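Here's the structure, in structure tokens; my notes come after.
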Amino acid sequence: MAEMAQNTDPAPLVLNGVEVALLGRVLLRQSLQVLPGQIVSVMGPSGAGKSTLLAAIVGALSPEFQLRGQVMLGGKDVTGLPTEARSIGMLFQDPLLFPHLNVAQNLAFGLARHWRGGARRHAIEAALADIGLAGFGPRDPATLSGGQKARVALMRTLLAAPRALLLDEPFSALDVDLRAQMRDLVFGRARQARLPVLMVTHDPQDARAAGGPVVHLADPAAAAP
């Protein structure tokens, strides 16, 4: 993890008056700051806009939505940048591994192009060993357990050296014991890399384990006349 940490400049993630609307109706408004190494949890009922907020931050809103305000990362306004240029990693409930690639190739997908030849292979082997999966490079992702897939997905994201990390219910599909292990792994690696982390969750235990501020989004139906 040392090489990845060096490639990641600690930088706060800041939302300045971010507002998402649909057909002129405002769905959410949010201003917040997530410091390097801090994990902020976003909670609220279904339909409150939690995943919409993450999509706005990462630049994946559908065209029918209107976005106002600024997404700032390390003092730079990234609001108008495409997703791939924002340096923001994201983990989902589903690990989303590429089924046509083996484990090593999935990890290689996260590495920057300047990693070549032996250095590239060494980085992948070291990453697998780092998450307790040494020798798993040739494996088909379909042969992995849920926890193993989650670890590969996490490491693929970290190998891309993001400057911020978004978590969209990444532990909800895991059993209780594995959920606790993955929380420790994800939160520990994010803090080690000094990443600002914004996590959407329905589980209060996730928020308690994160140990940071909790943002509660209101049910928009409650505000309807």
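The values are calculated or read from the model by the stated rules, or taken from the named source; none is laboratory data. Just so you know, these numbers come straight off a predicted model, no measurement behind them. Backbone-built Cβ (ideal geometry, glycine too); neighbour counts: all protein chains shown.
Residues that are more than 23 Å from HIS202 (Cα to Cα) and assigned to a loop (DSSP other than H, G, I, E, B) occur in segment 22-33; there is at least one. Looking across segment 149-170 at every residue that is free of Cβ contacts under 8 Å to residues at least 60 places away in the same chain and out of contact with any Pro (no Cβ under 8 Å at 6 or more places or on another chain), the one that is nearest to VAL58 (Cα to Cα) is identified as ARG156. The strands (runs of 3 or more DSSP E) falling completely within segment 152-225 that include 3 or more residues that are more than 12 Å from the chain's Cα centre (by Cα) map to 214-216. Can you find even one residue in segment 82-95 that is in contact (Cβ under 8 Å) with a residue 24 or more places away in the chain, assigned to a strand (DSSP E or B), in contact with a His (Cβ under 7 Å, 6 or more places away or on another chain) and within 19 Å of ALA207 (Cβ to Cβ)? So far as segment 82-95 goes, no, none of its residues is in contact (Cβ under 8 Å) with a residue 24 or more places away in the chain, assigned to a strand (DSSP E or B), in contact with a His (Cβ under 7 Å, 6 or more places away or on another chain) and within 19 Å of ALA207 (Cβ to Cβ).
Okay, residues lined up against (1) surrounded by fewer than 19 Cβ atoms within 10 Å (Cβ to Cβ); (2) over 16 Å from the mean Cα position of the chain (by Cα); (3) aromatic (Phe, Trp, Tyr); (4) under 13 Å from LEU166 (Cα atoms):
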residue	(1), (2), (3), (4)
LEU22	yes, yes, no, no
LEU32	yes, yes, no, no
PHE65	yes, yes, yes, no
ASP94	yes, no, no, no
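For GLY37, indicate whether it is surrounded by fewer than 19 Cβ atoms within 10 Å (Cβ to Cβ), under 26 Å from ASP184 (Cα atoms) and either modelled with pLDDT under 95 or of a type in the set (Gly, Ala, Ser) (or both). Yes; evaluated as a whole, the condition is true for this residue. Taken together, the criteria exclude VAL71 from residues that are touching an Asp or Glu at 6+ places or on another chain (Cβ under 9 Å) and either surrounded by fewer than 18 Cβ atoms within 10 Å (Cβ to Cβ) or closer than 15 Å to LEU159 by Cβ (or both).
Taking each residue of segment 19-33 that is free of Cβ contacts under 8 Å to residues at least 24 places away in the same chain and polar (S, T, N, Q) and looking for partners that are buried (at least 16 other Cβ atoms within 10 Å of the Cβ) and assigned to a strand (DSSP E or B) with beta-carbon atoms closer than 6 Å, six or more apart or interchain, yields GLN33/VAL14. Figure legend. Inter-residue proximity from segment 186-209: first residues in contact (Cβ under 8 Å) with a residue 60 or more places away in the chain and crowded, with 20+ Cβ neighbours inside 10 Å, second residues part of a loop (DSSP other than H, G, I, E, B) and of a type in the set (S, T, N, Q), beta-carbon distance below 8 Å, spacing 6+ or different chains. Indicated pairs: ALA193/THR8; LEU195/THR8; PRO196/GLN38; VAL197/GLN38; THR201/SER172; ALA207/THR201.
Of note, GLY137 does not satisfy the criterion of being touching a strand residue (DSSP E or B) at 6+ places or on another chain (Cβ under 9 Å), modelled with pLDDT of 95 or more, not hydroxyl-bearing (Ser, Thr, Tyr) and not in a helix (DSSP H, G or I). Of all the numbered requirements in (1) more than 26 Å from GLY188 (Cβ to Cβ); (2) in contact with an Asp or Glu (Cβ under 9 Å, 6 or more places away or on another chain); (3) at pLDDT 95 or above; (4) outside any strand (DSSP E or B), LEU54 misses one, and that requirement is (1).
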